[in-house]
Amino acid sequence: MSRSWIAAGCLGICALTAVPGTARAETVEIYLLDMLDNTQAGYCIDIAGGREKQARAEDGLQGHTCYSPGGALGWDQTFETDRFAGGELYMVNYDVCMQAASLEAGSALELAACDGSDAQGFEFSGEGTIVSTAAPELCVTVGEATRSGRSDVNQIKELTLEACSGDMAAYQTWGVRSSLE
């Protein structure tokens, strides 16, 4: 069964509305619930190395200042919620899924064509930890060190799989939003 989607006006919220009789998808940013040292709207999962449409999926993922304060979700920070239930973190604007470079602590997170592999399996309900389904002791984690991007307000942190730990909850607990709330 094919899915048909109609963009429902992008006035700051780029939500998708399903055609009647199909599933409803929502585009969201995945953001760290704890602001940590961020000076704006927190850290979002973001494509490294470029901004918005200039970002290239092959550059992998990082934690980056969320773009939603600008009034819209970032092109390179947008995921589709209907894929969470199937264990995929799908970036709709790039037609790729998040995957772990390996299933070991310290592994980088990257993007690739969705293939249902163990490296692409993540459990995420929309709030809480993002856990590798093939290595459930590993959580998506932003690093402690912060660097600046194009300016001091563009704060960047490494994004890796690390051991899930209550001591690291501030670096491992995520939520979703469709706009700055």
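The values are calculated or read from the model by the stated rules, or taken from the named source; none is laboratory data. Small disclaimer: the values here were computed from a predicted structure and weren't measured. Using ideal geometry, Cβ is built from the backbone for each residue, glycine included, and neighbour counts are taken over all protein chains shown.
Does Glu58 qualify as being over 22 Å from Tyr171 (Cβ atoms), surrounded by 17 or more Cβ atoms within 10 Å (Cβ to Cβ) and acidic (Asp, Glu)? Spelling it out, it is not the case that Glu58 is over 22 Å from Tyr171 (Cβ atoms), surrounded by 17 or more Cβ atoms within 10 Å (Cβ to Cβ) and acidic (Asp, Glu). Residue count for the stretch 147-181, restricted to those that are in contact with a helix residue (DSSP H, G or I) (Cβ under 8 Å, 6 or more places away or on another chain), under 22 Å from Gln120 (Cα atoms) and in a loop (DSSP other than H, G, I, E, B): 2.
Is it the case, given these coordinates, that Ala112 is small (Gly, Ala, Ser) and loosely packed, with under 13 Cβ neighbours inside 10 Å? In short, no.
Being at pLDDT below 90, within 17 Å of Ser151 (Cβ to Cβ) and more than 14 Å from the chain's Cα centre (by Cα) is a property that Gly70 has. Residue count for the stretch 114-173 satisfying the condition of being in contact with a Lys or Arg (Cβ under 6 Å, 6 or more places away or on another chain), under 14 Å from Asp34 (Cβ atoms) and among the aliphatic types (A, V, I, L, M): 1. I want to confirm something. Restricting to the stretch 115-146 and keeping residues that are touching a residue at least 40 places away in the same chain (Cβ under 8 Å) and assigned to a strand (DSSP E or B), which single residue is surrounded by the fewest Cβ atoms within 10 Å (Cβ to Cβ)? This residue is Glu127. Against the criterion of being outside any loop (DSSP other than H, G, I, E, B), under 19 Å from Leu32 (Cβ atoms) and not polar (S, T, N, Q), Leu109 qualifies. Just the residues that are surrounded by 19 or more Cβ atoms within 10 Å (Cβ to Cβ) and assigned to a helix (DSSP H, G or I), please, taken from the stretch 84-101. Residue satisfying the conditions is Phe84 alone.
Would you mind finding the one in Thr81, Thr65 that is surrounded by 24 or more Cβ atoms within 10 Å (Cβ to Cβ), more than 16 Å from Gln99 (Cβ to Cβ) and touching a residue at least 60 places away in the same chain (Cβ under 8 Å)? Full working, then the answer.
Working: Thr81 fails: surrounded by 24 or more Cβ atoms within 10 Å (Cβ to Cβ).
Exactly one of Thr81, Thr65 is surrounded by 24 or more Cβ atoms within 10 Å (Cβ to Cβ), more than 16 Å from Gln99 (Cβ to Cβ) and touching a residue at least 60 places away in the same chain (Cβ under 8 Å), namely Thr65.
Within the set Glu104, Glu58, the sole residue that is in a helix (DSSP H, G or I), of a type in the set (Asp, Glu) and modelled with pLDDT of 95 or more turns out to be Glu58.
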